[in-house]
Every structure is written in C-alpha cells, then in structure tokens.
Amino acid sequence: MLDPVLFRNKLAETAELLRAKRGFVIDVAAFEAVEAERKRIQTRTQELQNLRNTRSKAIGIAKGKGEDTAALMAEVASIGDELKASEQRQAELLAEIETLALNVPNLPHESVPVGSDEHRNAEQHRWGTPKSFAFAVKDHVDLGARKGWLDAETAAKLSGARFTVLRGELARLHRALAQFMLDLHTQEHGYLETNVPLMVNAASMRGTGQLPKFEEDLFATAGDDRRYLIPTSEVPLTNIVRDEIVAAETLPLRMTAHSMCFRAEAGSAGRDTRGMIRQHQFEKVELVSITTPAQSYDEHERMTRCAEVVLEKLGLPYRRMLLCTGDMGFGASKTYDLEVWLPSENKYREISSCSNCESFQARRMQARFRNPETGKPELVHTLNGSGVAVGRAMIAVIENYQNEDGSITVPEVLRKYMGGAERIA
C-alpha cells in the first residue's frame, strides 16, 4: 500500500505516475471527496474534544464555588454524544480511504523504463548460446509422451484442464531440480530453508497484495473461516514478519521455500494450453528477502543473480529483462525477468521474476525494523523472486538436452540427485 501522504498531498502527481503502470487510473474524485470529508470531520472532532475539556474544567470550577452545574453537565453530555458520532465517522472514513488504497498498485522506481507492454522491456544481458540441433527438435510434451511420463489426459480425468501427471524418470528429474535449487540457495547463497503452509488466511493475502484486487485468481475454501491456497510461497514467507518489529542486526533476512503453488489463471484463457507452461498447480523454489530501505536495491541485484546461477549451473541459455512500467506486477517497484531459451518455440520464455516491492507490502503488513540511528520503528523493504519455477526448469532441461533418439542427457549438476544417471532413455 502506498504512503497515505501521497493521497493527501500529491494526489495528481501520484495519479500520473500510476497511469504508466498497466494504464491504471486512480479515482481522483473519490479520493478527494473522502479526504475532504475526513479533514472536515477531523477538524470538528478536535473542536469537540477541546470544547469538552473546556466545559469539564468549568464544571470543576463551578462546583468549587458551590454553583449550579446542571446546565454545564447537560452541555458536556451533548458534546460527548456528538464527539462519539464524529469519532465513529472519522474511523469509517479512514477505513474507506484504506479500501480505496488497497486497490492501488505500487509506484515504479525511477530506473524503470516507461512502456505500455512487454515490447518496451529492456534487455540487460544474455548468457549462453542456444544449441543448434542436427535434427527436428521436439517440445516437452512430445518428449514426455514416451512411456506416458508426462500425461495430461489422465490429469484431466482426475482434475480437469491445466494439470499434469508426471511418472518415472521425468518425475524424478522434476524432484531433482527442486532439491538442486534448495541446496544451491541454502548452501551457497545463504538463504534459510523454510517449510510453509500451503493455505493462508485473508490477512496474509492482503499483506502481499493478492487481496482484494486478485481474488478471482485464487483458489479458496468455502465457509466463513476462509483459507486460500497460496499462489506462491512468497505469501507465507513474507508474512512471517507481519505485525513484527524485526531486529535491525538480523537484516537482510533471506528465506527460501520449495512449495506447491496454485493459480486459477482466470485471465489466461487460451494461452499456453499445451503442456506444462501454464498450470493451475505447479512447484517453485521461492526466494524472499526482508531488508532495510538502504539495502534493498543491492539486495535486488543479489537475488536476481542467485536465480541466474541456477540457470548457469544447469547450462541453460537465458536473458535478463528489466520490465517496463506497463508489464510489472501490482506490488513491484522494479522487476527483472529471467527468460530461458526453449528450442521448440525458438524463443526465450519467462522462468523467474525477481521484484523489489520497497515498503508497499510492509505498509500493508505493518512489518518494521528499529532504525539503530534514530531508535524509531521504520517500514522494512520486501523482495521476492523465483529461484526458479521447477516445472519450467524441467521443460527447459528436457528440450535443451534432448537427443535425436528422444532420450534426455542429464545435466551434470543433477546427476547426484538422479542416482548417477547420465541419460533418461
């Protein structure tokens, strides 16, 4: 959530900056109307408080002189009734402003290129050279069809579209990738391995920005005590510091988790319907950092680099893209996407997204640290990134390491997780 000061003092400038972010149009009239009434009510509340205090003192003086205080006491009672109503209205207006603010996205960082869509994203660098094949390449669906190792038909019988059953050595490869990523991030990159709940409450979803704006993309339980299946372990990991004041000396706090992720993909009808590119259920190794404002952009570069190392150790060509204002997510101030090369599509596809959310999530969560210089609590900065998506990594591995006979060469870094196997045949 943005700083309320921006809505009070810089509404026009804020609205202009937000227009660049996916064309978001802030309801300036609604904010102005609510804010005007809030100011009026606040002024009247203060007047009533002062008036009550003055009359209460007058009652004390009158009693000391033995004078009749009935009229003064009646006036104070009347003031108290109006004050109670005024304070209640003030609370309602603050809640209304918060509801409006919860649907407003984060402001882009000044270094983010302005653009309406992905075509204005800026390539930062590339690593690796796409392999030239002496045969017609297959996609991951055809490669996985042998022996029924990648089975969408059975998954559709069990659950419907956008699910997959993995079997045999392909299921083992999928598991090996997750284990490799966790070991890399914990042993070499210093992240704390964390096992988190796959279902969270509404407060957790609000904290990281999924609610209220993106409820249609979430799977939820029925009933009053509603729980949501996590779309990414960013949600529980980041909310660990909700309503906390984190010790400054523990920052940056770096956490990683391998988890199932669940997304309704409500806005993706007709996109990537073949194979495992876009699923309702998938697995990801997530990276989350909680840090100070002074450290957050250095931490953003570090986190992105940790995700890049995964792809380099797997020998997968990729490129880093700086997303433009119109292609960034709701809560991000700045985002790097890593795109891996897929031979079957002859192009790069997103496999990791690393974002600095600055204080946007922290303000929603009231996650703070105590500044050692001032001794006062301040909002932390939160960052999240895929380190990386397991299913898409598997797709990239089997396509880039495919052989003419349909077998898959196992990348060297994965062989110890595959019982020493050098090839999936």
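The values are calculated or read from the model by the stated rules, or taken from the named source; none is laboratory data. Note that this is a predicted model, so its numbers are computed, not measured. Here Cβ is always computed from backbone atoms with ideal geometry, including for glycine, and neighbour counts include all displayed protein chains. Heads up: the accessible areas ignore ligands, DNA and RNA and are worked out on the full protein's heavy atoms, side chains in. Shrake-Rupley method; radii C 1.70, N 1.55, O 1.52, S 1.80 Å.
Below are the figures for this structure:
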read-out: Solvent accessible area, Å² - Leu229, 1.4 Å probe, full protein context; value: 50
read-out: Region 22-69: radius of gyration over Cα atoms, expressed as a fraction of 2.2 N^0.38 Å; value: 2.17
read-out: Percent carbon-and-sulfur accessible area, region 274-425, ignoring ligands, DNA and RNA, probe 1.4 Å; value: 42
read-out: For region 17-135, size of Cβ-based charge dipole, Lys and Arg +1, Asp and Glu -1, in debye; value: 320
read-out: Accessible-area value, Lys147, 1.4 Å probe, nucleic acids and ligands omitted, Å²; value: 150
read-out: Mean accessible surface per residue for the chain, computed with a 1.4 Å probe while every protein chain stays in place, in Å²; value: 48
read-out: Arg305, Arg38, ranked by accessible area, largest first (probe 1.4 Å); value: Arg305, Arg38
read-out: Most positive-pole-ward Cα, Gly331, Asn371, Cys357, against dipole of region 316-385 from beta carbon charges; value: Asn371
read-out: Dipole of region 188-247, positive end: most advanced residue of Val235, His189, Ser204 [Cβ charges, Cα centre]; value: Ser204
read-out: Whichever aspartates and glutamates have a C-alpha closer than 13 Å to that of Lys313, once near sequence neighbours (fewer than 8 apart) are set aside; value: Asp183, Glu188, Glu412
read-out: Protection proxy ranking of 10-19, 358-367, 384-393 - average other beta-carbon atoms within 10 Å, highest first; value: 384-393, 358-367, 10-19
read-out: For the chain: Kirkwood Rh in Å [reciprocal of mean 1/r, alpha carbons]; value: 24.5
read-out: Unit charges on C-beta of K, R, D, E only; dipole of region 206-298, Debye; value: 300
read-out: All aspartates and glutamates inside 19 Å of Lys147 as judged from Cα atoms, apart from same-chain residues fewer than 8 positions distant; value: Asp139, Glu169, Glu399, Glu404, Asp405, Glu422
read-out: All lysines inside 27 Å of Lys21 as judged from Cα atoms, apart from same-chain residues fewer than 8 positions distant; value: Lys10, Lys213, Lys284, Lys334, Lys347
read-out: Heavy-atom accessible area ranking, 1.4 Å probe, most first, across Tyr318, Tyr297; value: Tyr297, Tyr318
read-out: Accessible area, probe 1.4 Å, largest first, for residues Trp127, Trp341; value: Trp127, Trp341
read-out: About the Cα centre, charge dipole magnitude for the chain (Lys/Arg +1, Asp/Glu -1 at Cβ), debye; value: 300
read-out: Most positive-pole-ward Cα, Ala33, Leu100, Met73, against dipole of region 1-124 from beta carbon charges; value: Met73
read-out: Helix-only [θ]222 nm of the chain, DSSP H runs n ≥ 4, -39500 (n - 2.57) each, per residue, nearest 500; value: -12000 deg cm²/dmol
read-out: Rounded percent of accessible protein surface that carbon and sulfur make up, region 153-229, 1.4 Å probe; value: 48
read-out: Region 1-126, accessible surface, carbon-and-sulfur percent (1.4 angstrom probe); value: 51
read-out: Area of Asp81 that stays accessible when all protein chains are in place (1.4 Å probe, Å², to 10); value: 110
